[in-house]
Amino acid sequence: MKTYDVCIVGGGVVGTAIARELSRYRLSVALLEKEAELAFGVSKSNSGIIHPGTQNPPQSLKGRLCVQGNRL
């Protein structure tokens, strides 16, 4: 049986970011994901977009702020 130093449960944005960070060290890392693809669960369905810039008229306050936010 193979043993691992770290086991990450969830292959979404956070889980894969943690796995990537840990890949910089001499660790054996297991990434477990229940779906057929990575980032297929909550990460895929999350609509927490901060500055989409496509849904607001450019002349509206939110539209102008989206343009400014995208420049950051």
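Read-outs throughout are calculated quantities, based only on the coordinates presented, and are distinct from any laboratory measurement. These figures come from a predicted structure and were not determined experimentally. FYI the Cβ positions are ideal-geometry reconstructions off the backbone, even for glycines, and counts take in every protein chain you see.
Just how large is the dipole of the stretch 1-47 about the Cα centre, in debye to the nearest 20, putting +1 at every Lys and Arg Cβ and -1 at every Asp and Glu Cβ? Before the final figure, lay out each step's value.
Values: 6 positive and 5 negative charges, 28 e Å.
Computed about the Cα centre, the dipole is about 140 debye.
Modelled spin-label separation between Cys7 and Arg20, with each label point placed 7 Å from Cα along the Cα-to-Cβ direction: 2.5 nm.
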